[in-house]
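Undergrad: Starting off with a structure, shown below.
The values are calculated or read from the model by the stated rules, or taken from the named source; none is laboratory data. Nothing here was measured: the structure is a model prediction, and the numbers come from that model. Quick reminder, even Gly has a Cβ in these numbers, built from the backbone with ideal geometry, and neighbours come from all protein chains shown. Keep in mind that these areas ignore ligands, DNA and RNA; they rest on the heavy atoms of the full protein, side chains included. Shrake-Rupley method; radii C 1.70, N 1.55, O 1.52, S 1.80 Å.
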Amino acid sequence: MQIDPTTAHVPDVYQYLVGLVTPRPIAWVTTLSPVGVVNLAPFSFFNAFGANPPIVVFSPTLRRDGTKKDTLLNLERLGEFVVHAATAPLAEKVNLSSKEIAPDESEVALTGLSTLPSVKVKPPRIAEAAVALECVVRQIVPCGTGPIAANLVIGEVVMMHVADEVLDGKGGVDPHKLKTVARLGGAFWCHTSDLFELKRP
């Protein structure tokens, strides 16, 4: 089978892409609206891209009607966010926070979670999350227009919060303890509990 994105239907391209590029880590992001409403949303177009300075990139795509999501609007106005690790114990709440609700409502209340003040940015962090990365926006790069078009949010991590219980005692994070989850295609997710090691040559 061959698929030409220039002639295929956009939803079909999207479904194939998210089914093929797997597993995708999840950026669970808090932002603030102009009136102070905390927005919480998951994004599976996400990764880390450097450490000097530490850079993360995620993409709040445009909605299927071509409009901007609340997260993107908030970032354009304030330019600060917090990205949290999506972990197995919180997977149901991560999924629930993807629900479309009114801009003046908060997914934090919807999910029954709580927040803590951040140290260097205005959006708060999720108290129940094992990892929270406070970030400032370096650049937002629109890549297309219309439904499901990408908007690459390049953020610099200015503060990291890591729960002691997920550390390995040797200066790193223990993946067995962190238990992140990731997105596959459709409604499928996966755990990071089936691990193996390969030493770099």
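Undergrad: Could you give the Stokes-Einstein D for the chain in µm² per second, using the C-alpha Kirkwood radius, 4 °C, 1.567 mPa s?
TA: This corresponds to a translational diffusion coefficient of 73 µm²/s.
Undergrad: With 26 Å as the limit, write out which pairs from Lys68/Lys99; Lys93/Lys170; Lys99/Lys120 have Cα-Cα distances beyond it, or answer none.
TA: Lys93/Lys170; Lys99/Lys120
Undergrad: To continue, here is another question. Within the stretch 158-190, what residues put their amide N at less than 19 Å from the label point 7 Å along the Cα-to-Cβ vector of Thr22?
TA: 180-190, by backbone N distance to the label point.
Undergrad: Mind jotting down the three principal axis lengths of the stretch 94-174 based on Cα atoms? Whole angstrom, largest first.
TA: Its Cα atoms span 47, 29, 23 Å along the three principal axes.
Undergrad: Based on the alpha carbon coordinates of the stretch 38-110, what radius of gyration and maximum Cα-Cα distance (Dmax) apply, in Å?
TA: 13.1, 38
Undergrad: Averaging sequence separations of C-alpha pairs under 8 Å and six or more residues apart, then dividing by the length of the chain, give the relative contact order as a whole percent.
TA: 24
Undergrad: Further question on the same structure: What accessible area per residue comes out for the stretch 104-201, rounded to a whole number of Å², with a 1.4 Å probe?
TA: On a per-residue basis, the stretch 104-201 sits at 63 Å².
Undergrad: Here is a further query. Ignoring any ligand, DNA or RNA, what whole percent of the accessible area of the stretch 50-104 comes from carbon and sulfur when the probe is 1.4 angstrom?
TA: The nonpolar share, carbon plus sulfur, comes to 52 percent.
Undergrad: In terms of solvent-accessible area of protein heavy atoms at a 1.4 angstrom probe, what is the ranking of Asp164, Asp174, highest value first?
TA: Largest accessible area first, the residues go Asp164, Asp174.
Undergrad: Going from most exposed to least, what order do Lys69, Lys170, Lys120 have by accessible area with a 1.4 Å probe?
TA: Lys170, Lys120, Lys69
Undergrad: Something else: Taking 8 Å as the Cα distance limit and 6 or more residues as the minimum spacing, I'd like the relative contact order of the stretch 36-89 as a percentage.
TA: 23 percent.
Undergrad: Let me ask something else. Over the stretch 48-87, how many percent of alpha carbon pairs lie in each 5 Å bin up to the one with the longest distance?
TA: 6, 17, 23, 24, 19, 9, 3, 1
Undergrad: Between beta-carbons, use under 15 Å as the cut-off and find the net charge around Ala127, counting Lys and Arg +1, Asp and Glu -1.
TA: Around Ala127, the charge tally is -3.
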